[in-house]
Structures are given as C-alpha cells and as structure tokens.
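Asker: Next up is a structure, given as structure tokens.
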Amino acid sequence: MRLFRCACEAAFAGSFAAYSPTGAGGASAPVPASGGPVDRSVLEDIAAASRILADQGVVDGFGHVSMRHPNAPDRFFMSRALAPALVTADDIMEFTLDSVACEDKGRSGFLERFIHGQIFKARPDVNAVVHSHSPSVIPFGLVDAPLRAMFHNAAFLSEGVPVFDIFEQFGATDMLVGNNDKGVALARCLGQHSVCLMRAHGSVAVGPSLPMAVFRAVYTEVNARVQTAATLVGGGGRIAGLNGEEAALADAVNLGAGMRAWELWKKRVGAA
Ligand SMILES: [Zn+2]
C-alpha cells in the first residue's frame, strides 16, 4: 500500500451527512456580501496567473486558479468559467468559502470551484490554489510509485504527496469535485501538504501567495517529467532525489527566488 493514498475519508462519512452545502445557490437565495473592493492590480494578477498556467502547459482548456480576498479571509476570487488562456481581470468573480458567488450577474463559476473554497476553509495559511489536469502529473495518481522531489525547485514535494481517490468515499462519479462534500474530502486529503494528486483526474497545488501557488503548480509538472525521465534512464533503479534536509534548505530559497520566475512568466503573457 502506498504511503500517502487517502483511505481516511470513509471514517468521516458520518460528519458529511450533517454538512449543509450551499454552493449551488438558488433563484431566491440572497446574494452574499462582498468582502470589499480590491485594487484592480489584484484582479489583474489573478488573470495573469491563469494565463501563465496556460503558457507553462499546466492547464489547457480546463483548470483554474484562485486567490483568497486580501482583506476578507472568508471570500476568494477566481475567474468565471472560461478557458484559462482567455481570462482577463473583468472575468474575475468573488465567492464565499462555500463557493456561492457574491454577485448576481448571471455569470457561471467553474464546476469545480468547491476545490478552492474548501481548501481555503481548511487551510488558513493558504492564500492561493491551482487545480489542473497537467499531463505529466496524472500518471503518479494512477500507480504505486510516489511523486518525489527530484530537484531543488520542486523541494516542496519532499513532504510527501497524497493521492485523493474520489471513489473511496463517493463511489463511481464523473470524477469532478462538483460540490462542497467532495471539496471537504479533497481538502482533508491534502492536509498540510502543498500538493495533492487526484486519481484519474489531476492535482491541486497551494501556496501562501498567488506567485508561490503558480510556482508549485508549474514545478510539480516539471518534476513529474524529470522523475519519469529518471525512471526510464535509470531502468527503474534507485533515484537520488532530494533528501529531507536538502529539501528544507532549497525550499527556503524558493520562497524568495520564486518571484523571479513570476516576473518572467507575467511578461510572457503580457501582464508585466
Ligand atoms: Zn478538474
């Protein structure tokens, strides 16, 4: 049995029965209050993050990024349902942590916005979330070989990467985290980690800031490619990835140096 696959959800199934999802809203439901206005540069950065993830090959026509409201921890921002490469600041919507839109403009949010709301609810230290189906990462959610930190930029993976198997709690589904119950289960599997794989679906990466969540999503994809190459080159033998002490030292550097990549990536998508 692999180390981090989450088999714990069933133990919490009883508590979900009492949970009252409100994500769908309703025709007569009141529109939640906004957490307050933010500088337009905040919305522009979220839109830039979306386009960066597309430019870096982490998302394609699907996938999304969110950011917690800087002045209201119980609200977050993410695009309306739209291909990530097309997102602009005008597409950014505000939601409660139950993923109810704080507007009544008839715009649709992403089906899987519950991923973001429930992670923000469970992790006060997290201020940005990326969900993607990045192709090099998906195999590691299907097999017993764990995703490991292969090099310094991916040091955040050394803490372990859990695998969320939606079937364990919800049986056969469309694989989407399309309601708050599923969002709660995913957030529980993520725990205190930076990345969680989703079996036969994709992954999530989180961070204390928008640039760091994007950095981790990009380097999770790169690390998966490197690990696959190392496995092939080494014929399945030992892979000398980062040890725990090396990873801690490297990740401390990444928290600052990651901004260099952010500035470059913004420029590439015309947002600098
Ligand atoms: Zn998805």
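The values are calculated or read from the model by the stated rules, or taken from the named source; none is laboratory data. As the structure is a computational prediction, the values presented were derived from the model and not from experiment. Please note: Cβ atoms are built from the backbone with ideal geometry, for glycine as well, and neighbour counts cover all protein chains shown.
Asker: Looking at segment 113-141, which of its residues are in contact with a Phe, Trp or Tyr (Cβ under 9 Å, 6 or more places away or on another chain), within 13 Å of the ligand (Cβ to nearest atom) and closer than 24 Å to Ala85 by Cβ?
Answerer: Passing the criteria: Arg113, His116, Val129, His131, Ser132, His133.
Asker: Filter segment 168-219 for residues that are among the polar types (S, T, N, Q) and free of Cβ contacts under 8 Å to residues at least 40 places away in the same chain; which is nearest to the ligand (Cβ to nearest atom)?
Answerer: Per the criteria, the residue is Thr173.
Asker: In segment 58-88, how many residues are under 15 Å from the mean Cα position of the chain (by Cα), away from the ligand (no atom under 13 Å from the Cβ) and either assigned to a loop (DSSP other than H, G, I, E, B) or of a type in the set (D, E, K, R) (or both)?
Answerer: Summing the residues that are under 15 Å from the mean Cα position of the chain (by Cα), away from the ligand (no atom under 13 Å from the Cβ) and either assigned to a loop (DSSP other than H, G, I, E, B) or of a type in the set (D, E, K, R) (or both) in segment 58-88 gives 1.
Asker: Moving on to the next point. Going by the conditions given, is Val163 modelled with pLDDT of 95 or more, within 13 Å of Gly202 (Cβ to Cβ) and within 14 Å of the ligand (Cβ to nearest atom)?
Answerer: No, not satisfied.
Asker: Further, regarding this structure: Looking at (1) surrounded by fewer than 17 Cβ atoms within 10 Å (Cβ to Cβ); (2) within 16 Å of the chain's Cα centre (by Cα); (3) in a helix (DSSP H, G or I), find the lone condition where Ala200 falls short.
Answerer: Evaluating Ala200 over (1) surrounded by fewer than 17 Cβ atoms within 10 Å (Cβ to Cβ); (2) within 16 Å of the chain's Cα centre (by Cα); (3) in a helix (DSSP H, G or I) leaves (3) as the failure.
Asker: Picking from Glu245, Glu221, which residue would you name as being crowded, with 19+ Cβ neighbours inside 10 Å and charged (D, E, K, R)? Let's see the steps before the verdict.
Answerer: Numbers: Glu245 fails: crowded, with 19+ Cβ neighbours inside 10 Å.
None of the other options fit; the residue is Glu221.
Asker: Restricting attention to segment 103-112, and to residues there that are within 11 Å of the ligand (Cβ to nearest atom) and over 13 Å from Leu186 (Cα atoms), which single residue is surrounded by the most Cβ atoms within 10 Å (Cβ to Cβ)?
Answerer: Phe110
Asker: Only residues that are more than 16 Å from the ligand (Cβ to nearest atom) and of a type in the set (Val, Ile, Thr): list them for segment 220-229, please.
Answerer: Val222, Val226, Thr228
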